[in-house]
1. Which condition does residue 19 not pass, out of (1) exposed (fewer than 14 other Cβ atoms within 10 Å of the Cβ); (2) under 11 Å from the mean Cα position of the chain (by Cα), if it passes all the others?
2. Given the criteria out of contact with any Leu (no Cβ under 7 Å at 6 or more places or on another chain) and either among the polar types (S, T, N, Q) or open to solvent by less than 50 Å² (accessible area, probe 1.4 Å) (or both), does residue 25 qualify?
3. If I ask for residues that are open to solvent by 80 Å² or more (accessible area, probe 1.4 Å) and not in a loop (DSSP other than H, G, I, E, B), which ones from region 47-61 would you list?
4. Residue 47: at pLDDT 95 or above and under 11 Å from the mean Cα position of the chain (by Cα), yes or no?
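The values are calculated or read from the model by the stated rules, or taken from the named source; none is laboratory data. If you're wondering where the values come from, they're calculated on a predicted model, not measured in any experiment. Cβ placement follows ideal geometry from the backbone for every residue including glycine, while neighbour counts extend to all protein chains displayed. In case anyone asks, the SASA skips ligands and DNA or RNA and just uses the protein heavy atoms, side chains included. Shrake-Rupley method; radii C 1.70, N 1.55, O 1.52, S 1.80 Å.
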Amino acid sequence: IAVAVSRFGHDPIALQLADGATVAQALTAAGIVLGEGERAYVSGVQADSADVLDSGDVLSIVTPKSAGI
């Protein structure tokens, strides 16, 4: 599957992952470790590390401040 990983303040990363890949696997493949307060969103919906991604998903990593929370 093809997904994009976007972290606030960084360039997006395009990834090719196996079918059934999870949010955690995408973060690992992108070399991203969530910092304190950071949250993962898949196509605008808050995601858990075990959530399975679909081709075309955008995995966004934001801090509460960048998300306006």
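1. Here residue 19 meets the rest and fails (2).
2. Taking the combined requirement at face value, the residue does not satisfy it.
3. Listed by number, the list holds a single entry, 52.
4. Details: at pLDDT 95 or above: yes; under 11 Å from the mean Cα position of the chain (by Cα): yes.
Answer is yes for this residue.
Quick grid of which residues meet (1) open to solvent by 40 Å² or more (accessible area, probe 1.4 Å); (2) in contact (Cβ under 8 Å) with a residue 40 or more places away in the chain; (3) of a type in the set (Asp, Glu):
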{"residue": "4", "(1), (2), (3)": "no, yes, no"}
{"residue": "9", "(1), (2), (3)": "yes, yes, no"}
{"residue": "35", "(1), (2), (3)": "no, no, no"}
{"residue": "45", "(1), (2), (3)": "yes, no, no"}
{"residue": "63", "(1), (2), (3)": "yes, yes, no"}
